[in-house]
Amino acid sequence: PVKLNRGRLQTVHEDNITSETTFIVSVPPMHGYLQKSLPEEGSFGADAKSSLIFTQQEIDDGAILYVQTAPD
């Protein structure tokens, strides 16, 4: 798994703080999946039927992972 971080995915808006900036992934990656890692609750990933929602703060904290399951 690869942690998404500010170097890979970052958005900034002067009026918002990182915990208010929300990403909604409605189409999962073709060659893997995104996983949200929550220390107190374990981990979960997005399947083809559900959206994964996360914030810029979760990216900054290293809580969003990309797991590749197929080549390319």
Subject >> Accessible-area value, Thr55, 1.4 Å probe, nucleic acids and ligands omitted, Å² >> reply: 30 Å²
Subject >> Per-residue SASA entry for Tyr33, accessible area with 1.4 Å probe, Å² rounded to 10 >> reply: 80 Å²
Original post:
Whose amide H sits under 5 Å from the amide H of Thr21, counting only residues 5 or more places off or on another chain, with H placed in the peptide plane?
Top reply: Gln56, Gln57
Original post:
Whose amide H sits under 5 Å from the amide H of Gly32, counting only residues 5 or more places off or on another chain, with H placed in the peptide plane?
Top reply: Thr69
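Full extension from Asn5 to Thr22: what is 0.36 nm times the residue separation minus their Cα-Cα distance, to one decimal in nm? Don't jump to the answer; show the numbers that get you there.
Working: separation 17, 0.36 × 17 = 6.12 nm, distance 1.44 nm.
Computed gain between Asn5 and Thr22 is 4.7 nm.
The values are calculated or read from the model by the stated rules, or taken from the named source; none is laboratory data. None of these values were measured; they are calculated from a predicted model. The area values use the complete protein model at the heavy-atom level, side chains included, leaving out ligands, DNA and RNA. Shrake-Rupley method; radii C 1.70, N 1.55, O 1.52, S 1.80 Å.
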